[in-house]
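Worksheet: the structure to be examined is printed underneath.
The values are calculated or read from the model by the stated rules, or taken from the named source; none is laboratory data. Note that this is a predicted model, so its numbers are computed, not measured. Ideal geometry is used to build each Cβ from the backbone, glycine not excepted, and the neighbour counts take in all protein chains shown. For accessibility, only protein heavy atoms count, side chains too; no ligands or nucleic acids. Shrake-Rupley method; radii C 1.70, N 1.55, O 1.52, S 1.80 Å.
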Amino acid sequence: MATAKPLTDLAYDDLAALTSPRLVTELPGPRARAVMERDATVTSPSLPRAYPLAPARGAGAVVEDVDGNAFLDFNAAIAVCSTGHAHPAVVRAVQEQAERLLHYSASDFYLPIYSEVCARLDAITPVVGETRSFLTNSGTEAVEAAIKLARRHTGRQYVISFIGGFHGRTYGSVTLTASKANYHAGFGPLLPGVLYAPYGYCHRCPINLSYPECGLATVDYIEDVIFHRLARPDEVAAVIIEPIQGEGGYIVPPPGWLRKLRDLCTEHGILFVADEVQSGMGRTGRMWATEHVDVVPDIVLAGKGIASGMPLGAMIARADLMSWDAGAHGSTYGGNPVACAAALATIDLIEGELADNAAVVGDQLLHGLRSLQARQPLIQDVRGIGLMIGVEFADAEVADAVEMACFHRGLLTLRAGDSTIRMSPPMVIGREQAATGLHLFEEACAEASTGGA
């Protein structure tokens, strides 16, 4: 079966300018159902599909499916399409690079655009002094590189990650991941030497305390339990932390929490690795989420939105940490020139306007969602920074009902954690599109509150 084309012939600008969904068939439509039928026979059943969306093209913050239905995209393909779908500047950069050179391995040769991207990352990353970067195909590969570098540089074996954290699905990164038991089930033994600490999750505190009376006790757990009972601090190579947990539920830790953790790492010579795969690249209104709390990592991990949907990730580290020898780590495709061209255009757009837009429209969404919370008892918590917003419900069943009700209204959201709807629209989203999204989300909550009646 050939890939179906969308039914409509809207020009890019007209599609991007839509401020409301335009649904022309039932959902899923006939072409989407045909795609789903083929998919069920030839793809891995491990792929966890959220709802029956079969996208055909996108423009800005709008996605059109194979049946010609136009949706407002409030998940940006899991926060990947940072500059919107098919941003003309990114498309132009990709096309120009593809006409010159599709690929040459930077592991074995001096690919000019590879070091150009690394120089840009050095300029925008909040690490003290000069940095060096290793480019990968994805966020999970950046995590793997950080594990290897931290152990190699420090000579220590242990790595600490956090309950609720998500760092990827390859063996090292999935070991660090502690958001769902299903990610580990049947794959053991996993990477040895990984220890877990509770995250600063105030809405559902893992140690049943309340902020600020708790004194940020989940950080104290590392010293009181891990260092005292499990591993001495001089055997811990790194703490790998999402400054805002992503797949775990868009959880923002309380004020002072990341600073206390950073100070603990500094005291014991432990590397502070900020996994900004989802929270970085302007999503929170600044280039990196750690900038909001003035915490400086030793290593920063990037991915998802770094190249507007092209496969790229990065491990950016203090130059003095990059003490490994030639051949200690490499990648055939990491830093592919086409993906690098997309990254350079993406960084230009984020620095030029999109981080600021994320801050402005993010404030609009947060204000609107908190107003909705005051009149919608289904909503238990609203949290976030910029365009990284979580809306928490009582349980997964309610969250799933809201997510599906959004889909059927033409609003694409995505569940995270146990019972949270995440909102991470492309950073090009306009204020009128955001207002429409709020209205549709309120309707979806109302439907879920009445059981779909």
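Neighbours of ASP363 by Cβ distance under 15 Å: Lys/Arg scored +1, Asp/Glu scored -1, total +4.
The calculated FRET efficiency for ASP122 paired with ILE78, based on their beta-carbon distance and R0 = 35 Å, is about 0.85. For an R0 of 25 angstrom, estimate the FRET efficiency from the Cβ-Cβ distance between ALA181 and ALA374 and round to the nearest 0.05. Computed FRET efficiency for ALA181 and ALA374: 0.10.
Summarising the label geometry, the points placed 7 Å from Cα in the beta-carbon direction at GLN95 and ASP224 lie 6.0 nm from one another. To the nearest 10, the accessible area of GLU247 is 20 Å² with a 1.4 Å probe.
Volume per residue of the convex hull around the Cα atoms, evaluated for the chain, comes out as 149 Å³.
A simple spin-label model places pseudo-atoms 7 Å from Cα toward Cβ; at VAL360 and ASP9 they are separated by 3.5 nm. Between ALA328 and SER449, full extension at 0.36 nm per residue minus the direct alpha carbon distance yields a gain of 38.1 nm. The Cα-based radius of gyration of region 336-453, divided by its Kirkwood radius, gives an Rg/Rh of 1.04. For the peptides 101-110, 138-147, the ranking by mean Cβ contacts within 10 Å, running from highest to lowest, is 138-147, 101-110. Placing dummy labels 7 Å off each Cα toward the beta-carbon, the span from HIS367 to THR43 is 3.9 nm.
For the residues TYR199, TYR158, a 1.4 Å probe over the protein chains yields an accessible-area ranking, largest first, of TYR158, TYR199.
Computed extension gain for ALA396 through ARG132, at 0.36 nm per residue and net of the alpha carbon distance, reaches 90.9 nm.
In this calculation the C-beta distance from ARG152 to MET36 is compared with R0 = 41 Å, giving a FRET efficiency of 0.35. Taking all protein chains as they are arranged and a probe of 1.4 Å, the heavy atoms of GLU351 leave approximately 100 Å² accessible to solvent.
The length gained by stretching the chain between ASP348 and ASP320 to full extension, at 0.36 nm per residue less their Cα-Cα distance, is 7.3 nm.
Pairs of Cα atoms in region 255-350 fall into 10 Å distance bins, from 0 up to the last occupied one, in shares of 15, 40, 33, 13, 0 percent. Each residue of region 375-386 was assigned a 3J(HN,Hα) from its phi angle through the Karplus curve 6.51 cos²θ - 1.76 cosθ + 1.60 (θ = phi - 60°); the sequence is 10, 10, x, 5, 7, 9, 7, 10, 8, x, 9, x Hz, with glycine and proline shown as x.
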